[in-house]
Amino acid sequence: MVYVPGDRVGDYSLVRRLGQGGMGVVFEARGPDGARVVLKIPHFQLLEEPGARDRYHRELEVTRLLDHPNVQRVVATGVVARGDMPYLALEWIDGSLLRDHLYDGSPVGVDEAVGIAIQVCDALDYCHTRGVVHRDLKPDNLMVGRDGRVRLIDFGASLLEGATRITTSSNSPALGTPDYMSPEQVQGHRGDARSDIYSHGAMVYEMLTGHPPYRGDTALAVMAQHVQSSPSPMRDRVRGIPRALEAVTFKAMRRDPATRYQTMLAFRTDLQNFKVLDADAIWREAPGEGPGRMPVTLGMRLPALRSMAPWIGVGVVAAIIGFAVGAMGLR
Ligand SMILES: Nc1ncnc2c1ncn2[C@@H]1O[C@H](COP(=O)(O)OP(=O)(O)O)[C@@H](O)[C@H]1O
Ligand SMILES: [Mg+2]
């Protein structure tokens, strides 16, 4: 059975399809009182798969647990006509995806990027302190309301700490963009709060520079870079990014989870206070750590080299003249 606009699901009538993930369909719908909601309905094919069923129940359980201004709210839940697969009715957010709001390929101003990033930290700090890890942080799973309030959506890949493991590769949602995936998730680990911190760092990198940290022709190429490479220094991509803000962003993206920010609150505090932070002190914290190393060597030297460029030019010309004069004198 395929849902189409006009169909009824529980108390709701479907208006238009918003999206279709690996696990289900997402519709705009109207409730009995005419209120607009978002309805997430599982695919019927998944009814027979216990793993998928567990995952849906988990998303429902997790989402119902959360009540925060920066997290999408559940309006109601119910079960679809066949089987005990739950559907989720979520508050309608009048706004746009962070992806569409920001990413037209050009960087966002520092103040706006930091303002959004702090709200994302608030949402996730709240989730993490309740034992919920999102695990699929990306600009497609964040919405910005017309009022500027950011909301975290889509807990379809989330994990409740202490709960039995239900996520295996066989029932994980189809792999989306690997642009924000933490190195440990790339390597097959389930991920914890610090994986969300990495993904958030990658989003901040993209907001400030206009590009995600890594590019590649295939998902695999991008995934490999998360494990092995260092993103290029942000200040080489966009002039004017404050040094300390770059250092803070890279600290969130350190490859070794043990050297990253350990909590969203710590990341939030540094984002809020970057103007008074000592960038060099942050780089020095993890000198051997990949993502932090590039800007220490390149980020610090390149601008210095750039400002010295005219003198280097003068030096080279003087050397050539000197060499020529010397050579003539020898003749
Ligand atoms: N609360 C909401 N208000 C308005 N649109 C929403 C809302 N939640 C989701 N959407 C839209 O539905 C799409 C899919 O939602 P999402 O929860 O990310 O599910 P999935 O990624 O599994 O398809 C989003 O990209 C967005 O366009
Ligand atoms: Mg989504």
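The values are calculated or read from the model by the stated rules, or taken from the named source; none is laboratory data. Remember, predicted model here, so these are calculated numbers, not experimental data. Because the Cβ atoms are built from the backbone with ideal geometry, glycine has one as well, and the counts that use them run over all protein chains shown.
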(request) Filter the stretch 2-39 down to residues that are free of Cβ contacts under 8 Å to residues at least 12 places away in the same chain and within 14 Å of ligand 2 (Cβ to nearest atom) and give me whichever is surrounded by the fewest Cβ atoms within 10 Å (Cβ to Cβ). (result) Gln20
(request) Filter the stretch 230-246 down to residues that are assigned to a helix (DSSP H, G or I), modelled with pLDDT under 95 and in contact with a Leu (Cβ under 7 Å, 6 or more places away or on another chain) and give me whichever is farthest from Tyr198 (Cα to Cα). (result) Asp236
(request) Being in contact with a helix residue (DSSP H, G or I) (Cβ under 8 Å, 6 or more places away or on another chain) and modelled with pLDDT of 80 or more is the filter; apply it to the stretch 43-68 and report the residue that is nearest to Tyr12 (Cα to Cα). (result) Leu66
(request) Mind telling me which of the residues Pro257, Pro295 ends up being modelled with pLDDT of 55 or more, closer than 21 Å to His226 by Cα and surrounded by 12 or more Cβ atoms within 10 Å (Cβ to Cβ)? (result) Pro257
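Every residue, every condition in (1) polar (S, T, N, Q); (2) within 15 Å of ligand 2 (Cβ to nearest atom); (3) part of a helix (DSSP H, G or I), yes or no:
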residue: Gly115; (1), (2), (3): no, no, yes
residue: Asp122; (1), (2), (3): no, no, yes
residue: Asp125; (1), (2), (3): no, no, yes
residue: His128; (1), (2), (3): no, no, yes
residue: Asp147; (1), (2), (3): no, no, no
residue: Arg151; (1), (2), (3): no, yes, no
(request) Would you check which residues across the stretch 40-72 are assigned to a loop (DSSP other than H, G, I, E, B), over 21 Å from Gly131 (Cα atoms) and either within 25 Å of the chain's Cα centre (by Cα) or within 16 Å of ligand 2 (Cβ to nearest atom) (or both) and list them? (result) His43
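Name the residues in the stretch 231-242 that are of a type outside the set (A, V, I, L, M), surrounded by fewer than 20 Cβ atoms within 10 Å (Cβ to Cβ) and at negative phi, would you? Even if it seems obvious, please write down each step before you answer.
Step one: filter the stretch 231-242 for residues of a type outside the set (A, V, I, L, M), giving 231-233, 235-237, 239-240, 242.
Still in the list and also surrounded by fewer than 20 Cβ atoms within 10 Å (Cβ to Cβ): 232, 236-237, 239-240, 242.
Within the stretch 231-242, Ser232, Asp236, Arg237, Arg239, Pro242 qualify.
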(request) Could you grab me the full set of residues in the stretch 1-38 that are under 21 Å from Ala157 (Cα atoms), assigned to a loop (DSSP other than H, G, I, E, B) and not small (Gly, Ala, Ser)? (result) Met23
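This table checks each residue for (1) under 30 Å from Asp122 (Cβ atoms); (2) among the acidic types (Asp, Glu).
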residue	(1), (2)
Asp7	no, yes
Arg16	no, no
Gly21	yes, no
Val74	yes, no
Thr77	yes, no
Tyr87	yes, no
Leu97	yes, no
(request) State which residue is surrounded by the most Cβ atoms within 10 Å (Cβ to Cβ) when the search covers only the stretch 196-211 and only residues that are at pLDDT below 95 and either small (Gly, Ala, Ser) or outside any helix (DSSP H, G or I) (or both). (result) His211
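Mind telling me which of the residues Arg73, Arg82, Arg99, Arg130 ends up being more than 16 Å from ligand 1 (Cβ to nearest atom) and modelled with pLDDT of 90 or more?
Details: Arg73 fails: more than 16 Å from ligand 1 (Cβ to nearest atom); Arg82 fails: modelled with pLDDT of 90 or more; Arg99 fails: more than 16 Å from ligand 1 (Cβ to nearest atom).
Going through Arg73, Arg82, Arg99, Arg130 in turn, just one is more than 16 Å from ligand 1 (Cβ to nearest atom) and modelled with pLDDT of 90 or more: Arg130.
Does Val75 count as away from ligand 2 (no atom under 16 Å from the Cβ) and free of Cβ contacts under 8 Å to residues at least 60 places away in the same chain?
Numbers: away from ligand 2 (no atom under 16 Å from the Cβ): yes; free of Cβ contacts under 8 Å to residues at least 60 places away in the same chain: yes.
In short, yes.
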(request) Could you pull out the residue among Gln45, Gln20 that is within 13 Å of ligand 1 (Cβ to nearest atom) and over 15 Å from Leu60 (Cβ atoms)? (result) Gln20
